[in-house]
1. Restricting attention to the range 51-87, report how many residues are in contact with a Lys or Arg (Cβ under 9 Å, 6 or more places away or on another chain) and over 23 Å from residue 252 (Cβ atoms).
2. List the pairs whose first member sits in the range 15-37 and is more than 15 Å from residue 101 (Cβ to Cβ) and of a type in the set (A, V, I, L, M), whose second member is modelled with pLDDT of 80 or more and part of a helix (DSSP H, G or I), and whose Cβ atoms are under 7 Å apart, counting only residues at least 6 apart or on separate chains?
3. Looking only at the range 116-137, which residues are touching a residue at least 12 places away in the same chain (Cβ under 8 Å), surrounded by fewer than 20 Cβ atoms within 10 Å (Cβ to Cβ) and part of a helix (DSSP H, G or I)?
4. From 103, 96, which residue is in a helix (DSSP H, G or I) and touching a residue at least 12 places away in the same chain (Cβ under 8 Å)?
5. Under the condition of being exposed (fewer than 10 other Cβ atoms within 10 Å of the Cβ) and either of a type in the set (S, T, N, Q) or outside any loop (DSSP other than H, G, I, E, B) (or both), which residue from the range 26-47 is modelled with the lowest pLDDT?
6. If I go through the range 199-231 residue by residue, how many of them are at pLDDT 90 or above and of a type in the set (Val, Ile, Thr)?
Amino acid sequence: TQPLTQVASMVNLLQSGVASAERVFELLDADEQSPEATGSSAAPGERRGEVRFEDVSFSYAADRPLIAGLSLVAHPGQTVAIVGPTGAGKTTLVNLVERFYELDGGRITLDGVDIASMPRSALRSQIGMVLQDTWLFAGTIRDNIAYGRPSATEEEMQQAARATFVDRFVHSLPDGYDTVIDEEGADLSAGERQLITIARAFLAAPELLILDEATSSVDTRTELLLQHAMAALRTNRTSFVIAHRLSTIRDADLILVMEDGAIVEQGDHDSLLEAGGAYARLYRSQFAAASV
């Protein structure tokens, strides 16, 4: 059976190599990032955090429009939640704020300045992200938090850790903040890893926040702790929150319900439930599923 085993192993290696090659060629064939506009302006002087979408249109393929004529305003300090089915355009919407893609039409402004006229580095330095898939690197817990703002003092780092409840589990570790973790954070729970990334964002003190599915992979008790940490992070900051669990965004100032790249409903939790539309149907379906 050894020859057959060797052949099977070679086939697996070949298939893995083909898949890897496809990803490499896909990257090589991808369109290059558009250059910065000549004479790109600096970031807005007065940092308030107002984001406006003005008749925004976008598509990944020219013959398949995803977002068409979308307009909305996120006022300074507001928490804006974005909900909807898979493929509705939720993640695309926040990716456009960061200029990961260029618009087909319309414009997005930050404090009155068209983000297309801002250097990408200046724009993105004002945005903090907390994702479902946490990103850590090999080093100490202190190093991982301080990555948010390398110039921060020890006291500022620990203040961020206290505000986001990282200190609760760090003090139970023999080496505290000097505990060395690997890039997978294998010795930490999913919730602890997410708390570290929240502390990192807190230390960075961004003007805008993007929270993308940040609590969908943890248990209910840990989710509650993460919600408190994110509430501290969102204080006085304009935040965009994407979540499938509607229970995590009930306190949002504005909830946008998206379908097929368009905003079909907007309002707060209570008013949308009362309206009995798409949000109410989605909320009741989740409640019914949780009761089964």
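The values are calculated or read from the model by the stated rules, or taken from the named source; none is laboratory data. All values derive from a computational prediction rather than experimental measurement. Ideal geometry is used to build each Cβ from the backbone, glycine not excepted, and the neighbour counts take in all protein chains shown.
1. Within the range 51-87, residues that are in contact with a Lys or Arg (Cβ under 9 Å, 6 or more places away or on another chain) and over 23 Å from residue 252 (Cβ atoms) number 1.
2. From residues that are more than 15 Å from residue 101 (Cβ to Cβ) and of a type in the set (A, V, I, L, M), the pairs are 37/116; 37/117.
3. If the condition is that a residue be touching a residue at least 12 places away in the same chain (Cβ under 8 Å), surrounded by fewer than 20 Cβ atoms within 10 Å (Cβ to Cβ) and part of a helix (DSSP H, G or I), then 116, 117, 120, 122, 124 are the ones that fit.
4. 96 is the lone residue from the list that is in a helix (DSSP H, G or I) and touching a residue at least 12 places away in the same chain (Cβ under 8 Å).
5. The residue in question is 38.
6. Counting residues in the range 199-231 that are at pLDDT 90 or above and of a type in the set (Val, Ile, Thr) gives 1.
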